[in-house]
Amino acid sequence: MTETLAVQTARTPEDTLKRMRERLKGVVPDVELQLKADLVFEINRLKVERNAVILGHNYMEPALFHSVPDYTGDSLELSRQSAETDADIILFCGVQFMAETAKILSPHKTVLIPSLKAGCSLAAGITAADVRLLKKWYPDAPVVTYVNTYADVKAESDYCCTSGNAIAVVTHLLSEGHRQIIFLPDEYLARNTAAELGLDFVLPPVLRSEEPVIGKDPTIIGWRARCEVHEKFRPEDVHHVREQFPDVAVLAHPECSPEVVAVSDKTGSTKQLIKFVRDLDAPQYLLLTECSMGDNIAAENPDKDMLRLCSFRCPYMNEITVEDTLDALRNTQYEVSLPPEIIERARTPIDRMLEIR
Ligand code: SF4
C-alpha cells in the first residue's frame, strides 16, 4: 500500500485534488482528476453532514474508488462492514444485487444505489420461479446460491456462497452427506467448483416438460447463466499474452470458463486476486476480471506492472459515476426497498454461509 493521505479527509477542493493526484498519478490523467475533484470534495462533505457511509466495490472506476468510499472490497464484505456502522444511510457504489444484500443485512437503514441501470447479466439469468422448479426436479438437493443474485432468489435458497468460499460451502454440504447439490446461477463458477472438488457436473433440462438429468454421485447441478464480462475471456487470449510476456502471472476470477482457469496460474475471488498481486513476485500481472480492478490495484501498487484486457468493462458497474454518487447523496436516491418477508427469508442462507469458516 502506498503511504498517501486519504482523499476523504481533505478539507478543501484544492487539497482534494492534491490528494487525488498523489494517489492516482500514473493511472488517471490529470485532466480527469481536475474535472472530478470538486465533486469528490462535495460528496465527502455531504457524507459527513448526512451521516452516510459509502461502500465502493472493487470494480468501480479508480477516480471514484480511491476518493469517496469509507470501505472498499467485495460485495459481501462491504455489506457486513456497513451493517456494523452507526450510519443512517448506506450508499452502495456497486450494482443492484449488492445494494440488496446491504439492505438484507441492514433492514432498518436507508440503502441507496446511485443508478437504477446498474443491473447484472448473471443475476438476471435466474428467477425465484426457476429455483422453485429446480427444487421440484431435485427434491433432495440443497440449493447453494452465489451472492450475485437478487433477494427473491436468495430467499428460495438454503445457503449463499461467494467466489471465495464456494468450495468451503460445497465441502460442508458433502460432509453432511448430501450427494446432489444445486449450485446457482453461474455455470462457470459451478463447473470450476465441481472440477476443484472432483465432482460430476450436470445442467438441468431446458424445458419444463423434460425429465431431470441425473449425474454421477456426487454431482453439482448447475444453471445456464454467466457473467457477460468473464465469459468473454478465451484460452487463446492467455496464450497470446504469454507469447508477448513469457513470465507474466495470469490471475483468473472463477467466473471465467474452466478452459481459461486451466491455463491461468491462480484463480480466486476479487479479494484473493488482490492478495496474489501483493504477494507474488512477477515481472507482469494479467488480471482476467473486470478491467477497472486492474487500475485500482495499480494505484495501490505502483511498483507492479499490471496488464489489462480492457475490452472487458462491465457495462453495469460503469453506470456508477462520481456525478451520480453526488446526486444520490443530495437527493436521497435511489432507495432500495425489499418486502420484509423476502428480507427475512434471504437472510437465512447468508447467515448459514457466514457460519461456515
Ligand atoms: S462483472 Fe459480471 S457478475 Fe459482476 S456485475 Fe458485471 S455482469 Fe454482473
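The values are calculated or read from the model by the stated rules, or taken from the named source; none is laboratory data. What you see is a predicted model; the values in this text were computed from it and never measured. Counting neighbours? That spans all protein chains shown, and the Cβs are built from the backbone with ideal geometry, glycine included. Ligands, DNA and RNA are excluded from the accessible area calculation, which covers all protein heavy atoms including side chains. Shrake-Rupley method; radii C 1.70, N 1.55, O 1.52, S 1.80 Å.
Out of curiosity, is V27 open to solvent by 60 Å² or more (accessible area, probe 1.4 Å), out of contact with any Leu (no Cβ under 8 Å at 6 or more places or on another chain) and within 26 Å of M306 (Cβ to Cβ)? Spelling it out, it is not the case that V27 is open to solvent by 60 Å² or more (accessible area, probe 1.4 Å), out of contact with any Leu (no Cβ under 8 Å at 6 or more places or on another chain) and within 26 Å of M306 (Cβ to Cβ).
Of everything listed in (1) away from the ligand (no atom under 16 Å from the Cβ); (2) in contact with a His (Cβ under 8 Å, 6 or more places away or on another chain), the single unmet condition for L288 is (1).
Listed here are the residues, each with its yes/no results for (1) among the charged types (D, E, K, R); (2) away from the ligand (no atom under 16 Å from the Cβ); (3) closer than 13 Å to F92 by Cα; (4) under 20 Å from the mean Cα position of the chain (by Cα).
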| residue | (1), (2), (3), (4) |
| --- | --- |
| N296 | no, no, no, yes |
| N301 | no, yes, no, no |
| C314 | no, no, no, yes |
| T332 | no, yes, yes, no |
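Looking at segment 163-233, the strands (runs of 3 or more DSSP E) lying wholly inside it that each contain 3 or more residues that are in contact (Cβ under 8 Å) with a residue 12 or more places away in the chain and open to solvent by less than 40 Å² (accessible area, probe 1.4 Å) sit at 180-184, 219-221.
Yes/no per residue for (1) in contact with a His (Cβ under 7 Å, 6 or more places away or on another chain); (2) open to solvent by 60 Å² or more (accessible area, probe 1.4 Å); (3) within 16 Å of the ligand (Cβ to nearest atom):
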residue: K18; (1), (2), (3): no, yes, no
residue: A37; (1), (2), (3): no, no, no
residue: E42; (1), (2), (3): no, no, no
residue: V53; (1), (2), (3): no, no, no
residue: Y59; (1), (2), (3): no, no, yes
residue: F65; (1), (2), (3): no, no, yes
residue: V68; (1), (2), (3): no, no, no
residue: D86; (1), (2), (3): no, yes, no
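Residue by residue, here is whether (1) of a type outside the set (G, A, S); (2) in contact (Cβ under 8 Å) with a residue 24 or more places away in the chain; (3) surrounded by fewer than 20 Cβ atoms within 10 Å (Cβ to Cβ); (4) under 16 Å from L326 (Cβ atoms) holds:
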position: P62; (1), (2), (3), (4): yes, yes, no, no
position: S75; (1), (2), (3), (4): no, yes, no, no
position: V95; (1), (2), (3), (4): yes, yes, no, no
position: E100; (1), (2), (3), (4): yes, yes, no, no
position: K103; (1), (2), (3), (4): yes, yes, no, no
position: P114; (1), (2), (3), (4): yes, yes, no, yes
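Selection of segment 125-151 for residues being within 16 Å of the ligand (Cβ to nearest atom) and part of a strand (DSSP E or B) yields T145, Y146. The helices (runs of 4 or more DSSP H) located wholly in segment 261-357 that include 2 or more residues which are modelled with pLDDT under 95 occupy 270-279, 291-300, 340-355.
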